[in-house]
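One structure is given below, encoded as structure tokens.
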Amino acid sequence: MTAPRDPAPVTGLRPRDFVGYGRYPPQVRWPGDAKVVVNLVVNYEEGAEYSVPDGDGRNDGWGEYAYEVGPEVRDLGTETHYEFGSRVGIWRLARIFDRYDVPVSVGACAVALERNPAVAEWIRERGHDVVGHGWRWLDYARMSLSDERDHLRRAIESLERTTGQRPRGWYVRSFPSERTLDLLVEEGGFFYDSDPCNDELPYFTPAGGRELLIVPYSKVYNDTRYLLSPTYGSPAQFFESLRLGLDYLCEEADDGVGARMMTVGLHPRWSGQANRAAAIRDFVVYAAEKEGVRFMRRLDIARWWLDHHTEWA
């Protein structure tokens, strides 16, 4: 039998890193000596998705059903699922965060905020930070270099105009392109990228001739599981998933493994439904009362890491 050969990497592509921090992760020290910092990310995409009225020639999926209607007919059903997120869901989540005075990050598609200025006003009033989530919620991995660069610049200008702040972080719809990180460095002004989901701590990666900070995202602590199989049978299962994750991260910190970061991804069209919002409320209350846990905005996590990472390197 012939021994299997190692796969030959395709040249010219960004290399993969299977090692990361390895067996002994750094002994991170968060503000207030927190064991775990929790970052709630509200993905505000409603109004920026693919749609026939916007001339895209296709309907989007990611509504309330796990399929996409062909372009030969307008999918009014999915469109109205998105509209629930912008009309109702975002405000239900906002009331939870306001009630418990929780800082959050808003992963904002620029066009979505242009179409609902009141959301941008809420972001400004409450001091939440904005993470650039594309000019629209599109497949940037399939775009040309010039189009991706153009959308990046449009998003920066738009978000700065609507929210009063320039986005310092970035992530796109599920799959960045090979060029996304280099474009962030080329444009300048970005502190970090959040496209990867490959760690529980920030780290640096080569991009555009320098080291760019990555603040990893999570598709596990994420309400997309209401749509993706295996799904949550009940919002209580989402809360239980978040509770179990937070408890285990705290236990690891107590055992000397080191402090961690927990990102929770939310979408108004899903978690803004009344039954599902209950899971977010319960998790916010649980985390706020748990010793050693601290809510932080993504921007503050990035700044803290940039300022202090050499202390535990």
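The values are calculated or read from the model by the stated rules, or taken from the named source; none is laboratory data. Please read these numbers as outputs of a predicted model, since none were measured by experiment. We place every Cβ from the backbone using ideal geometry, glycine too, and count neighbours over all the protein chains shown. Surface accessibility is based on the protein's heavy atoms, side chains included, excluding ligands, DNA and RNA. Shrake-Rupley method; radii C 1.70, N 1.55, O 1.52, S 1.80 Å.
Quick notes
- Convex hull per residue volume in Å³, alpha carbons only, for segment 6-67: 281
- Quarter of Cα convex hull surface for segment 1-132, i.e. mean projection, nm²: 15.4
- Rough spin-label spacing in nm, given labels placed 7 Å along Cα→Cβ, for R124 and A278: 3.7
- Computed label-point distance, nm, for sites R99 and V220 using a 7 Å Cα→Cβ extension: 3.0
- Split the accessible area of segment 76-180 by element, probe 1.4 Å, and carbon with sulfur accounts for 47%.
- Helix-only CD estimate at 222 nm, as mean residue ellipticity for the chain, using -39500 (n - 2.57) per DSSP H run (n ≥ 4): -11000 deg cm²/dmol
- Taking a quarter of the surface of the Cα convex hull of segment 109-250 gives a mean projected area of 10.0 nm².
- Residue separation of S174 and E157 scaled by 0.36 nm, minus their Cα-Cα distance, works out to 3.9 nm of gained length.
- Relative contact order (percent, whole number), segment 79-213, Cα cutoff 8 Å, 6+ residue spacing: 20
- When you count the other C-beta atoms within 10 angstrom of each residue and take the mean per peptide, 14-25, 243-254 line up highest first as 243-254, 14-25.
- Residue-count net charge about V38 - beta-carbon cut-off 13 Å; Lys, Arg +1, Asp, Glu -1: +3
- Paramagnetic label zone (point 7 Å from Cα along Cα-to-C-beta, D17; backbone N under 14 Å) in segment 194-226: 194-217
- The stretch between E311 and D33 holds 98.7 nm of extra length on full extension. This uses 0.36 nm per residue minus the Cα-Cα distance.
- Comparing T224, W170, I214 along the charge dipole axis of segment 159-232, the residue lying farthest to the positive side is T224, per the Cβ-charge model.
- Kyte-Doolittle at least 0.0, axis length at least 18 Å by Cα - qualifying DSSP helices, the chain: 274-289
- Looking at segment 78-199, the accessible area is 41 square angstrom per residue; that uses a 1.4 Å probe and ignores ligands, DNA and RNA.
- The packing ranking of peptides 55-63, 83-91, 35-43, 141-149, highest mean first, is 35-43, 83-91, 55-63, 141-149, where packing means the average number of other beta carbon atoms within 10 angstrom of each residue.
- Peptides 127-140, 284-297 ordered by packing proxy, namely the average of other Cβ atoms within 10 Å per residue, highest first: 127-140, 284-297.
- Net lengthening on full extension, Y248/Y286 (0.36 nm per residue, minus Cα-Cα): 12.3 nm
- Debye intensity ratio in log₁₀ form over the Cα atoms of the chain, taken at each q of 0.10, 0.13, 0.15 Å⁻¹: -0.58, -0.98, -1.30
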